[in-house]
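Colleague: My structure is below; once you've seen it, I'll send some questions.
Read the figures in this text as sums done on the coordinates, not as results from a lab. What you see is a predicted model; the values in this text were computed from it and never measured. When we count neighbours, we look across all protein chains shown, and the Cβ atoms used for this are built from the backbone with ideal geometry, even at glycine.
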Amino acid sequence: MIQVKTVFPLLHLALPLSLFGAEVSDIGTRRELFVDDALIESISGNARLQLHHPEPRGIALEHDAAWEGTGSGYHSIFRDGEIYRMYYKAWHLDVGDGRVNTGRHPLFCCYAESDDGILWRKPVLGLVEFAGSKENNIVLAPEAFEKVKSDPGHPAVFKDENPACAPGAKYKAIIRSEKPHGLLLFESPDGFNWSLAHPEPVITEGAFDSQNLAFYDPNISAYRAYWRTFTGGRTDGEEWKPEGVRAIRTAVSKDLVNWENWRDLSYTDSPEEELYTNGVKPYHRAPHLLLGFPTRYLDRGWSESMKSLPEKEHREARAAASPRYGTAITEGLFMAGRDGVTFKRWNEAFLRPGIERDGTWNYGHQYLAWHAVETKGTLEGAPNELSFYATESYWTGKSSLLRRYALRLDGFVSLNAPMSGGSLLTKPIRFSGRALELNFASSAAGGIRVEIADAEGRAFPGYALDDCPPVFGDSHARVVAWRGGTEVSALAGKTVRLRFEVKDADLYAYRFTE
């Protein structure tokens, strides 16, 4: 839970324009979430911004095939029409005699699919031979990398949403290359038959030992890439040298080959931390927001707590190969941004390691798949929810697992207040539409009131807090009514501020609709 600056305790009073910035954001009919501070002027009373956490569900996939194993991970998941697609690294790791053993089979990229995003299957593709048979779900093998002497490890696969994308290249993959060092671009007409789209790595400066990705961003009509680097990494002749701490770098491109505006990500109020994955992508219900799910990496060293964590003997065996393999732990974070470079990164964990059990609280645990998808609600008759997928049993048992987690639509962060209440005032905005819709949840006794005010904080006649009977319930799309009705079109196009008063309730998102 995070408390944002508290000012103006009597928010129902008119406020001088000089107290606020004059910049106006035109939000039109887009959905706005409370995942960053971009549109927040002030929060007062006992209100706060509260980070929420996905709830665990069942195992989505077990990587137990002979060509998979304990090192499987780096999942890419997206909905493609009526089907959900998943691509991932298939690998096996074990440790013995003070060494890490990775030679059971080469690195592969595999494919799974689902009709609902909940129950997944590994189709027999018949594309790649393994142990004398093509009855497997391998979609890319080292043979596809003969020209660059690499393998299909660390894949990030996406469907290209660029309107100008050629039909034969509708699916793209960003895959790490070791020799030469960098990121390779692959393309496919169907997601199964892949070819190298460019003969050399398209990005060469970075660490890349993580899931490195790219996607088309309609907000800028260009591609964005995000990859693993070090804050002080540098090129020394032909070799890239890591220095500093693990970080995330970005760049933009018109063609996925030539990249510019290279920047390391910056954060509004977060300390420097070791980060592996990034998981950045536009949120499908509010595409102007780029949401990311980086992995926080911490080596906490040996202590009584570390020794009390699950699978102590296996942890000690990993530590014999390298101390950090036994004492490092990982968890999922959440961040949100609008310009692709500066993010509000929530310092608290989004996906904690959870209750202690075998396969948890280890290096490689809770790496979140790229990206969340919308699936059927868990409760009968309930609306859809967001499904996240994260790794378990990485490098600890016979096969790694992928567990599904569920979260309310838009439910990353809420404006929350107890029964004593609190308020939030937005910065100046302009909107279009005829009604205001809320995604919220309240207790039976609680609720939310909304005021529409002018730029100086004075309520428009008929739209004051006292004109708004409390909205209560639990809905993803409840239209706000004032005593005069729900119509707000008379204020569309004007500069306004919204004032939300919350009592024993959570407000997750709002939007104006037609």
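Colleague: Working out 0.36 nm times the residue gap between T378 and D466, then minus their Cα-Cα distance, what length gain in nm do you get to one decimal?
Modeller: 28.0 nm
Colleague: With θ set to phi - 60°, apply the Karplus curve 6.51 cos²θ - 1.76 cosθ + 1.60 along the range 404-412 and write out the HN-Hα couplings as whole Hz, x wherever there is a Gly or Pro.
Modeller: My calculation for the range 404-412 gives 8, 10, 10, 9, 4, 3, 6, x, 5 Hz in order.
Colleague: Given H placed on each backbone N at 1.01 Å, which residues far from S42 in sequence or on other chains put an amide H within less than 5 Å of it?
Modeller: L425
Colleague: Would you work out if the range 150-272 is rounded, prolate or oblate? Take a ≥ b ≥ c from the square roots of the eigenvalues of the alpha-carbon gyration tensor; rounded if a/c is under 1.5, else prolate when a/b is larger than b/c, oblate otherwise.
Modeller: It comes out oblate by the Cα gyration axes.
Colleague: Using the structure shown, select from K147/K179; K376/K503; K344/K503; K159/K281; K179/K241; K159/K254 the pairs with a Cα to Cα distance greater than 19 angstrom.
Modeller: With Cα atoms farther than 19 Å apart: K376/K503; K344/K503.
Colleague: Please work out whether the range 55-408 counts as rounded, prolate or oblate from its C-alpha gyration tensor, where a ≥ b ≥ c are the square roots of the eigenvalues and a/c under 1.5 means rounded, while otherwise a/b larger than b/c means prolate and anything else oblate?
Modeller: It comes out rounded by the Cα gyration axes.
Colleague: Give the longest segment of the chain that steers clear of chymotrypsin sites (Phe, Trp or Tyr not before Pro) in DSSP loops with at most 16 neighbouring Cβ atoms within 10 Å, not counting the sites themselves.
Modeller: Here the longest run is 303-514.
Colleague: Run the dipole for the chain about the Cα centre, Lys and Arg Cβ at +1, Asp and Glu Cβ at -1, nothing else charged, and hand back the magnitude in debye, nearest 20.
Modeller: Value, rounded to 20: 440 debye.
Colleague: Of G485, F460, L386, which is farthest towards the positive pole of the range 377-511's charge dipole, taken about the Cα centre with +1 and -1 on the beta-carbons of Lys, Arg and Asp, Glu respectively?
Modeller: Projecting each Cα onto the dipole axis, the largest value belongs to L386.
Colleague: Same structure again: Relative to a virtual label point 7 Å from the Cα of E487 in the Cα→beta-carbon direction, which members of the range 430-468 show backbone nitrogen distances below 13 Å?
Modeller: Residues passing the 13 Å test: 434-435.
Colleague: Round to the nearest 0.05 the FRET efficiency obtained for S270 and I118 when R0 = 41 Å and r is the Cβ-Cβ distance.
Modeller: Using R0 = 41 Å, I get an efficiency of 0.80.
Colleague: Separation between the V245 and E304 pseudo-spin-labels, each 7 Å from Cα along Cα→Cβ, expressed in nm?
Modeller: 2.8
Colleague: Between T231 and E23, 0.36 nm times their residue separation minus their Cα-Cα distance comes to what?
Modeller: 71.6 nm
Colleague: Gain in length, E456 to D190, computed as 0.36 nm per residue apart minus the alpha-carbon separation, to one decimal in nm?
Modeller: Contour length minus the Cα-Cα distance gives 90.3 nm.
Colleague: Report, by chain and number, residues whose modeled amide H sits under 5 Å from the one on V413, excluding near sequence neighbours (fewer than 5 apart, same chain).
Modeller: F34, H52
Colleague: What spacing in nm lies between the two simple spin-label points modelled at D339 and H105, each 7 Å away from Cα in the Cβ direction?
Modeller: 4.7
Colleague: With r as the distance between the Cβ atoms of K179 and E260 and R0 = 25 Å, compute the FRET efficiency 1/(1 + (r/R0)^6) and round to 0.05.
Modeller: The formula returns an efficiency of 0.45 here.
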